[in-house]
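So the structure is just underneath, and the comments pick up after that.
The values are calculated or read from the model by the stated rules, or taken from the named source; none is laboratory data. Please read all numbers here as calculations on a predicted model, not as lab measurements. For neighbour counting, all protein chains shown are included, and Cβ atoms are generated from backbone atoms with ideal geometry for every residue, glycine included.
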Amino acid sequence: MVFYLRRIAFYLVTLWAAISLNFLLPRMMPGDPAAIMIGKLRRASGGRELSEETVKAIYALLGADKSVPAWDQYLAYWGRLLSGDLGVSSTRYPYPVATLIGNALPWTLLMVGAATVISFVLGIVIGAWVGWKRGTWLDHLVPATSLLQSIPYFWLALVLVAAFSVQLRWLPIVGAYDVFAFPSGPEWSWDFMVSALYHAFLPALTIVISSVGGWLLGMRNMMVSTMSEDYVLTAEAKGLRPSRIRDRYAARNAAIPSLAGFSIALGFVVAGSIVTEQVFSYPGIGKLMIQSVQGLDYALMQGVFLVITLTVLAANFLMDLFYGLIDPRVRSHG
Amino acid sequence: MKTIPVGVAAAAVAISLVLTACTATPPAPTASSSGTTAPKASVLRVWAGSSTPITVDFNPFHVDTALFGTYGPIYEPLFFYNQLSADPPTPMLGETFAYSADGRTVTIKLKPNLKWSDGEPLTADDVVFTLGYGPNKSDKLTSVTATDATTVGAKYSTPQFTNESQLLGATMIVPKHVWSKVANYMKETNPKPVGSGAYVVKTTSDASYTLTANADYRDGPPPISDVQYLGLDSNQSGQDMLTTGQIDWTGMFVANPDTVTGDGAIATMNAQQDPTVIVTCSDAAKGCKGAQTDPAVRQALNAAIDRPALAEKAWAGLVGEANPAFVLLPRDQQWLSDPALAPSPQSPNAAQAQQILEAAGYAKDAKGFYAKDGKEVDLDLFSPDGWTDYNDAAKLIAEEAGKAGVKVTARTVSEAEYWTPVTNGDFQLAMYGLTQSLVADPFSNYDQYFYGKSTAKVGDAPTRGQNYARYANGVVDAAVEAAGATNDPAAKKAEYAKIQAQIAKDLPYIPVVLNASQAFFNTKGFTGWPTNDNLYADPLPYLSVAPAIVLLHLKPVS
């Protein structure tokens with residue numbers, strides 16, 4: 001019980017620190033968002049004079065008001081946060097940040113999430129198998145998949161698009177669904193789901209290809225070291241079936257360190273995959289993040305970082321509890 | 001508003017993705033699946049440069065965030081000014097207009113029997129309302145009245161000759177019966193716009209928006225029944241969609257346009273207009289710091305750079321020749337006072353650069369760079385990271401300047417770190433793009449970028465204009481004011497001659513090239529596009545108003 005209370009207290013403090021940092025970081029960035037927006041307005045309005053009124057309105061809107069003390073801004077920030085108000089985006093004015101994130105989050109969770117799970121499962125299963133058959137030709141899989149991982153992701157995605165979407169025309173070039181067949185956006189129909197699945201295939205595939213090598217390598221090496229443990233030798237001496245030794249004795253224990261990595265990877269799923277979303281014009285959080293940083297959109301930036309922070313903390317917390325459950329040593333020394 | 005359906009649908013998708021990831025059979029190649037479900041050739045698909053997610057906004061007062069179709073296809077100005085020609089403007093909502101001799105009274109006659117897309121009549125009252133509404137308000141407008149249902153008279157306190165294209169060609173007329181009820185125009189996204197143009201909004205999503213023909217359009221509904229604007233996040237995607245026939249019209253930089261136009265379906269046009277320059281913080285009296293405040297240093301840079309090599313290496317040879325008089329040739333030929341000013345030097349001349357510097361009292365130091373009073377000329381030239389043409393050009397400029405003995409260091413900064421110093425004057429040299437005057441008269445270039453009242457001291461952003469070079473020259477200021485008050489071409493040209501002589505010598509903006517403006521369009525599915533012989537409008541889909549003129553000229557090929 002004390003273990004769990006201590007963990008919860010630790011996470012509350014971390015949460016407070018993360019949210020406070022989230023307040024500070026955008027304010028430490030160079031550049032002035034109001035100047036950026038006024039500059040853009042000026043160029044966009046083709047020389048029309050910006051009235052004093054408009055300029056004042058923009059300074060008021062973009063919160064760069066130097067007259068309000070930082071402490072008051074900080075308190076106001078907490079107040080808004082607790083009432084669920086993430087503010088209004090300045091790059092996509094006047095859209096609320098919560099709406100933008102709400103629209104992007106499902107696509108990120110599902111496409112990047114599914115790709116992460118598939119990559120992990122493939123890496124663990126193949127890694128266990130390669131480790132089990134160590135010293136055979138299967139060992140070549142390790143450098144091969146590591147090589148795939150070391151290819152710059154951007155380049156890999158472009159090559160796959162050029163080959164499968166542009167040359168062969170088997171797969172779509174962009175989007176999360178067929179925008180020509182569904183100009184009004186997502187709808188509840190079988191056709192739409194098929195379209196969405198078809199459009200998610202290549203982006204997800206590129207993520208799997210570029211990340212499976214890491215899981216595979218880690219699992220294979222753990223598998224090899226686990227197989228030299230005494231209890232595996234004992235199991236062999238008892239005359240258990242090799243498949244049982246492989247699955248229940250070696251692989252099960254070898255997978256534990258990878259699980260920890262997996263929980264962190266899952267936490268970061270919400271950060272999306274900036275490059276994937278850019279190459280495939282796929283909706284998602286990563287794009288909002290990069291657009292907000294480029295446009296110095298403080299509200300959107302804070303909203304996105306908040307969501308990422310909360311998810312990573314939640315994933316770690318769950319994994320902590322889970323570890324405490326499966327490994328008593330963690331509880332007594334934690 | 002779309003959160004729930006997206007979430008639920010995507011949840012179902014992901015579950016099936018997990019279950020069937022490797023066995024999912026794609027239904028059919030995209031081209032044919034979309035082609036068979038929507039074979040109507042009269043749907044024109046456009047990428048005007050929007051990125052995803054598309055946030056629905058058809059508010060014409062949101063000049064920065066409104067979607068492209070807002071200006072022209074949905075809302076219209078009174079007249080259309082073709083930025084590629086010196087011809088008189090084409091009537092849109094207006095029929096005729098007249099200026100009084102002193103330029104302070106403008107009388108506008110509207111076409112008869114105009115209608116809004118909701119069926120209400122469009123009258124002089126709407127124009128009067130528009131001119132006095134929101135950002136259109138001007139303290140120089142003393143009165144605006146509707147003398148009858150189709151005549152508007154506007155009186156100003158100053159001559160409005162130079163403001164003609166702004167007033168008549170860039171002010172979108174909005175319906176009084178709608179906008180008088182809008183509480184705060186800045187917060188309005190106007191998802192169901194009532195306009196006067198040939199198109200109305202059909203449907204929107206966060207990946208695209210579709211306009212459809214306005215059945216009650218004054219000249220009859222346009223032949224292209226639907227226009228779908230897409231959101232894409234990279235030029236590569238745009239190019240791929242173009243080559244695979246999935247989009248029909250776009251405007252973007254393609255380094256090797258032959259790969260796109262190769263099979264004959266897609267045609268291209270490249271009418272360069274906007275000058276790419278090195279903007280310098282030029283006036284020490286305004287607070288600028290660095291050797292570039294000396295005109296001799298700017299002149300040396302101007303002579304040292306190799307423009308053809310820059311055009312080839314940084315822009316794949318797709319750019320035009322810039323000139324230090326900042327007129328667009330051949331459009332503005334009549335305003336060029338001295339033929340020697342055009343174009344900017346097209347071959348590097350290190351010897352001349354050195355001569356200029358030595359005449360101004362500079363001498364080479366031990367490292368081979370010029371210095372004056374023991375202080376080495378050491379200039380900083382920056383550009384936004386990822387704007388590869390600017391980044392490459394800056395590197396080449398630094399190299400060439402170095403050869404002439406002028407030390408220039410090129411560096412890249414994030415976009416956020418680019419705009420603030422440029423607007424506030426906290427810089428030495430920056431790669432920058434000017435917007436060419438939209439009518440066949442360079443006045444707005446001089447007024448926006450060179451006029452003393454368009455600047456501010458270092459540390460402040462200018463409240464009017466974009467004179468980020470902090471350029472201040474009494475001769476130029478007087479000439480800009482005099483040119484703005486006259487409508488006599490000869491008198492205007494005399495004033496422009498004074499301006500051109502000063503700015504070509506002072507070089508607060510060192511002209512580099514005229515930026516590429518490539519448009520690509522599908523000539524197999526649609527006819528009626530502008531050609532070099534018939535440039536009735538600029539075929540760039542991201543412009544204001546011109547795309548609507550192009551859409552009205554297009555016909556689907558059956």
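For the stretch A:221-237, the condition of being more than 9 Å from chain B (Cβ to nearest Cβ), among the aromatic types (Phe, Trp, Tyr), touching a residue at least 12 places away in the same chain (Cβ under 8 Å) and over 30 Å from B:Tyr209 (Cα atoms) holds for at least one residue. The requirement of being in a helix (DSSP H, G or I), under 18 Å from the mean Cα position of the chain (by Cα) and within 25 Å of A:Ser225 (Cβ to Cβ) is not satisfied by A:Val117. The residues in the stretch B:78-122 that are of a type in the set (S, T, N, Q), on the phi < 0 side of the Ramachandran plot and part of a loop (DSSP other than H, G, I, E, B) can be counted, and the count is 5.
Checked against the criterion of being within 14 Å of another protein chain (Cβ to nearest Cβ), surrounded by 15 or more Cβ atoms within 10 Å (Cβ to Cβ) and assigned to a helix (DSSP H, G or I), the candidates A:Val174, A:Val208 yield just one match: A:Val208.
Among the residues of the stretch B:130-143, the one identified as buried (at least 20 other Cβ atoms within 10 Å of the Cβ) and at pLDDT 90 or above is B:Thr130.
Of all the criteria given as (1) part of a helix (DSSP H, G or I); (2) within 14 Å of chain A (Cβ to nearest Cβ), the one not satisfied by B:Val182 is (1). Only residues that are more than 7 Å from chain B (Cβ to nearest Cβ), aromatic (Phe, Trp, Tyr) and part of a loop (DSSP other than H, G, I, E, B) were counted across the stretch A:147-171, and they come to 0. Just to be sure, is B:Gly264 within 30 Å of B:Ala198 (Cβ to Cβ), surrounded by 24 or more Cβ atoms within 10 Å (Cβ to Cβ), out of contact with any strand residue (DSSP E or B) (no Cβ under 6 Å at 6 or more places or on another chain) and in contact (Cβ under 8 Å) with a residue 60 or more places away in the chain? The answer is no for B:Gly264.
Scanning the stretch B:93-111 for residues that are in contact (Cβ under 8 Å) with a residue 60 or more places away in the chain and either charged (D, E, K, R) or touching a Leu at 6+ places or on another chain (Cβ under 9 Å) (or both) returns B:Leu93, B:Gly94, B:Phe97, B:Val106, B:Ile108, B:Lys111. Would the stretch B:371-394 turn up any residue that is without any contact (Cβ under 8 Å) to a residue 24 or more places away in the chain, in contact with a strand residue (DSSP E or B) (Cβ under 8 Å, 6 or more places away or on another chain) and farther than 19 Å from B:Leu310 by Cα? Within the stretch B:371-394 (the criterion being without any contact (Cβ under 8 Å) to a residue 24 or more places away in the chain, in contact with a strand residue (DSSP E or B) (Cβ under 8 Å, 6 or more places away or on another chain) and farther than 19 Å from B:Leu310 by Cα), the answer is yes, since at least one residue qualifies.
Take B:Val254 and tell me if it is part of a loop (DSSP other than H, G, I, E, B) and touching a strand residue (DSSP E or B) at 6+ places or on another chain (Cβ under 7 Å). Yes. Being in a helix (DSSP H, G or I), modelled with pLDDT under 70 and at the interface with chain B (Cβ under 9 Å from one of its Cβ atoms) holds for only one residue in A:Arg43, A:Arg48, and it is A:Arg43. Taking the criterion of being of a type in the set (A, V, I, L, M) and not in a loop (DSSP other than H, G, I, E, B), the residues of the stretch B:270-287 that qualify are B:Val277, B:Ile278, B:Val279, B:Ala284, B:Ala285.
For the stretch B:489-541, the set of residues classified as within 20 Å of B:Val297 (Cα to Cα) and of a type in the set (S, T, N, Q) consists of B:Gln500, B:Gln502, listed by residue number. Of all the residues in the stretch A:178-197, those that are facing chain B (nearest Cβ under 7 Å) and in a helix (DSSP H, G or I) number 5. Test B:Tyr542 against the stated conditions and say whether it is touching a Cys at 6+ places or on another chain (Cβ under 9 Å), touching a residue at least 40 places away in the same chain (Cβ under 8 Å), part of a loop (DSSP other than H, G, I, E, B) and within 14 Å of another protein chain (Cβ to nearest Cβ). No; evaluated as a whole, the condition is false for this residue.
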